[in-house]
Each structure stands twice: as C-alpha cells, then as structure tokens.
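The values are calculated or read from the model by the stated rules, or taken from the named source; none is laboratory data. Computed from a prediction, not measured in an experiment: that's the story for all the values here. Cβ placement follows ideal geometry from the backbone for every residue including glycine, while neighbour counts extend to all protein chains displayed.
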Amino acid sequence: MYRTAHRIDQGEEGNAILSFPSVIDGISAIQYSQSVMGKRAYIETWGCQMNLHQSEGIAGVLQRAGYTLVEEIEEADIVLFNGCMIRQKAEEKVYGRIGAVVEEKRKRSVLLGIGGCLGHLRGDSLLERFPAVDFVFGSRGHGSLPERIEQLRRTGGRLPAQDPPTIEEVPFSRKSSVTAMVTIAEGCSNFCSYCIVPYARGPMRSRAPALVVREVEHLVSAGFQEVLLLGQNVNSYGRDRPEFGGFAELLDWVARTRIPRVRFTTSHPRDMTVDVLKTMAARDNVCNHLHLPCQSGSDRILQAMRRGYNRGQYRSIVDAVRDVVEGVNLTTDIIVGYPGETESDFADTMRLIEEVRFGSIFAAKYSPRPLTRSALVEDDVSEGTKNERLQRILSRQREIALEENERWVGRDVRVLIEGETRDGRLYGRADDHRTVVVEAGAIGELATVHVEGATASALAGSVLISAKGNS
Ligand code: 5AD
Ligand code: SF4
C-alpha cells in the first residue's frame, strides 16, 4: 500500500480546498517507481459524494497506468477537473478554476480535462468556450482515461467526451483509510422537475450484489471501519435488475460482512420500504441515520417538483421510520425559491422542519438547470427573496439542531474517529451521524465518548474507552 494524495473540493458551499492523503492498494512498487515526468496528475473534485468517489476511481485508474498524483496544479502535467452541475453556482465555480490552468499553460505544457456531470452535459461546447480545455470526459467510463490521454498526446488536437453506459469496475485510490464509499447504483430514473442528475448520469443502473459484497469484504480485510453505500436513490436499487433483489436484501448482505459500520445515501421518501427499516433496526452495524430529502413542505410545490409524495405522506414516512428504528437521526435536503413558491408555501416548509426536527439540513436556493422541466417555467422568485428564505430556514434549523444536540450532553456515544480538525483536535461521527469532537484518541478507532458540550453543528466530549484500550 502506498500513500499519495489528490485534492478534493467538496460541495459548492464554499468549503476550503482540502487535500486528503489517500491509500492505493494493488499497485506494485515497480509500477509505482515507474512514475515519470509527463505522468503527474492533479485532480480537483466538485460536487456530491458520487463525484468524490468517482475521483477516487479516476485516481486509481491513473495510478494503475503509472501516474503519480500531485497536490498542486503547478506540479502537474495533466489537470483534471471533475465538475458538478446540480446548481448553477457549482458549475460556475469550476469555470472559475480554469484561470489557474491558463496561468500554468503560459509557462509550460500541461493538459486540462474537464469531466464529471459537467463534462457529460456540456461536452464539446466546453472545448469551444474555453480554449484552455484539451479534452472532456463524462460521468462514467474512466477506465479508458489513460489511453485517451495517450491518444491526445500522440495525435494532438482535442478529444471530445466519451461516456460508456456501464458501471465500471476500477481500482480506487481512497481518500480515507477509515471510511470507504462503495457504489451500489449509478444514475437516476426519477426525473424530479428541477434535477439534472438523470440527464447527467443516465438511468438508474444497479451493481451486482456479489460485486458489492466482495468489495466490502475486501475493505474489511484492508482494515476499513465503515462503508458508505452510494446511489442517487438507494431505495430503488435492483428495480432495473429484479434478479439482484432489492435494497433491503443488499443492505442485509453488506451488514453480514464483518464491517463495523454501514451507512447509505440517498433515500427517496417515496421508495422507502419497511424492509429497509427493519434491516436497519435488526443489524447493529447499520447506522442509526437516514438522509431523507423532503425538498419542500408544501403540497403544491411537491407536486410541481414531481416528488411523488405530499406533506402528509412524508410525515407518515417519518413516523414509520421513527417507530421502527429507535433513536434514528433524520437529515434532509431543502430547495428554497422553487418557481411559484409563495410565502405560504415557504411557511409550510418551515413548519415541516419544526415538526420533524431534523438533526441537520442541507438547504439551497433553486437554480434552473438545462434540460429539466422546471427550467421551462419562469424562475420567478427573486434572488432577494431566495436569500432571505434561505437565511430564515438555516437560522431556525440552527436553533433546532442546538436543542437536539444539547439533549446528548451527559450521555455516552460510540464515535468512529475520522480525522483532525483545523485546530488540531480530532473529530468523528456518532452512530447517528452527529459530528463529535474529541481532544484525544486515534484516527480509525471506534471510541466510547462522554458528551460534555454541544453546539448546533457538533457534540464535544472525551474518550472513555477506545477499541485499543482506555485512553
Ligand atoms: N436547484 C437547487 N437545488 C437543487 N438540488 C437539485 N437540483 C437543484 C436545483 N436545480 C438539490 C436537491 C438535492 C440536492 C442534492 O441538490 O435538494 O436533494
Ligand atoms: Fe434528482 Fe430526484 Fe433523482 Fe434525486 S431522485 S437524483 S432529486 S431526479
């Protein structure tokens, strides 16, 4: 196993650029030492966990082909931007980064490729619009990237996007050695009115359960403590391939490996089944957390969004979840300022967060996206109103989260310690996904922590018992 690094910029929420050490297995020392000039790659990722994980795959494929991953554009022969298109702001941020490569190109030869959902959808138009872009790749089919780069070097010119339809089995260069993302399905067949994902990633395709379980078993032997099963809508797993069984079955298979913790995301409320909840309740290693995007609390808006449930049905699903999975922490996504959203619609959303009391929410202002249905309707909620609604919902949610977190003070929680905070302390996640900050411990250990304080975003405590003995 060799350590290397590639850079990951998470989300479009203005998070600082982070460089994660990553671990690659299955690469021999000879292959590694053959890394030569011309084969230094820099990868920058924008977007969701799917994109982050795909960058781990791109990094793995490049390393297998003899590339070394570097942490600065200045050190790279090839720069790859894995871009997101879910909101306009995300797309613009990627374009904003092209300037840094243009600077470098003035000094020396460096190739720039743009891919991910952005490359898939904007395709060759990126080559027209940005002369600095040498090639475009899509949101899948990364296995052939090294050959395509070689071709580009041999023939010159600029390569258009390519996007084979299958889920590829590629080696991963993982950013964490504690928690590993594992794809169970790609794409989405839901076509919510505002969402570009079905166009960017194609229809939902499930990965064979045997491949998923084999990957998790491999991760267990490699010492990983947690897997995060990834799909745009995990609850629809297997619908394209009935012989695969459904998500509840797959979750149970994964839980039966010896992996200490299993998480999954994202769950579409409409497709949630009692079987999945029962598996969550029955298997100790399946975490007590459910990310259940509601998007809005207004029946009118939910219908326009084509979400397939109304406010009352969402509330019933929440009740069922809480009945079956004791102590579950619910989190959600919300869009504010969807076309036609009135003050009364927004009040319904505010009421929903009051009633459900989510542990945390991810709220974003609506932006029209190409190809989607809602882009045909006027984006008529003003920027000012969107901003104001976003602030109102975030500030009320901060109060709710603080009250919920304060209920944990004085109690003990099991925490998987995942990394270091900027100020040199350690952080991890409780079983129910709450962030917990501790003063001492070791990354990768599952510790029992006594909670001594709470803020709206985290709990703080001290380690009582760690997997490696008392601290
Ligand atoms: N505008 C704003 N937010 C969006 N999302 C998806 N599409 C849009 C859009 N056009 C949000 C949804 C989704 C999350 C990943 O991004 O809340 O759950
Ligand atoms: Fe987009 Fe809806 Fe699919 Fe989620 S379920 S990825 S919001 S289309």
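A few notes on this one:
- The set of residues from segment 283-316 being more than 20 Å from Thr435 (Cα to Cα) and of a type in the set (Val, Ile, Thr) comprises just one member, Ile301.
- Residue in segment 191-207 that is modelled with the highest pLDDT, counting only those that are more than 9 Å from ligand 2 (Cβ to nearest atom) and part of a loop (DSSP other than H, G, I, E, B): Arg207
- Members of segment 242-270 that are outside any helix (DSSP H, G or I), away from ligand 2 (no atom under 16 Å from the Cβ) and within 25 Å of Arg414 (Cα to Cα): Arg256, Thr257, Arg258, Ile259, Pro260, Arg261, Val262, Arg263
- If you go through segment 312-342 and keep only what is in contact with a Lys or Arg (Cβ under 7 Å, 6 or more places away or on another chain) and either within 16 Å of ligand 1 (Cβ to nearest atom) or of a type in the set (Phe, Trp, Tyr) (or both), you end up with Val336, Gly337.
- Test: residue in segment 220-241 that is within 16 Å of ligand 2 (Cβ to nearest atom) and touching a residue at least 60 places away in the same chain (Cβ under 8 Å): yes
- Complete set of residues in segment 180-190 that are outside any strand (DSSP E or B) and crowded, with 22+ Cβ neighbours inside 10 Å: Ile184, Gly187, Cys188
- Failed condition for Leu228, given (1) under 30 Å from Pro368 (Cβ atoms); (2) within 16 Å of ligand 1 (Cβ to nearest atom): (1)
- Hey, Glu388 part of a helix (DSSP H, G or I) and closer than 27 Å to Ala281 by Cα or not: no
- Filtering segment 441-457 to residues that are surrounded by fewer than 18 Cβ atoms within 10 Å (Cβ to Cβ) and in contact with a strand residue (DSSP E or B) (Cβ under 6 Å, 6 or more places away or on another chain) leaves Ile443, Thr448, His450, Glu452, Gly453.
- Search result, residues across segment 404-436 that are of a type outside the set (Val, Ile, Thr) and in a strand (DSSP E or B): Asp412, Arg414, Leu416, Glu418, Gly419, Glu420, Leu426, Tyr427, Gly428, Arg429, Ala430
- Considering segment 177-190, and only residues there that are in contact with a Gly (Cβ under 9 Å, 6 or more places away or on another chain) and closer than 14 Å to Gln54 by Cα, the residue that is nearest to ligand 2 (Cβ to nearest atom) turns out to be Gly187.
- Cβ pairs under 6 Å, 6+ apart, first in segment 188-205 and of a type in the set (Phe, Trp, Tyr), second within 12 Å of ligand 1 (Cβ to nearest atom): Phe191/Pro198; Tyr194/Thr372; Tyr194/Ser374; Tyr199/Leu371
- All positions within segment 264-307 that are within 13 Å of ligand 1 (Cβ to nearest atom) and of a type in the set (S, T, N, Q): Thr265, Thr266, Ser267, Gln295, Ser296
- Listing of helices (runs of 4 or more DSSP H) fully contained in segment 271-334 that carry 2 or more residues being within 16 Å of ligand 2 (Cβ to nearest atom): 299-305, 311-324
- Selection from segment 91-100 of residues that are surrounded by fewer than 23 Cβ atoms within 10 Å (Cβ to Cβ) and touching a strand residue (DSSP E or B) at 6+ places or on another chain (Cβ under 8 Å): Arg97, Ile98
- Residues being within 18 Å of Arg300 (Cβ to Cβ), of a type in the set (S, T, N, Q) and within 16 Å of ligand 1 (Cβ to nearest atom) - total across segment 343-361: 1
- In this entry, Arg357 passes the filter for residues that are touching a helix residue (DSSP H, G or I) at 6+ places or on another chain (Cβ under 6 Å), away from ligand 2 (no atom under 16 Å from the Cβ), touching a residue at least 40 places away in the same chain (Cβ under 8 Å) and farther than 18 Å from Val274 by Cα.
- Thr257 meets the conditions (1) touching a strand residue (DSSP E or B) at 6+ places or on another chain (Cβ under 6 Å); (2) at pLDDT 95 or above in every case but one. The failed one is (1).
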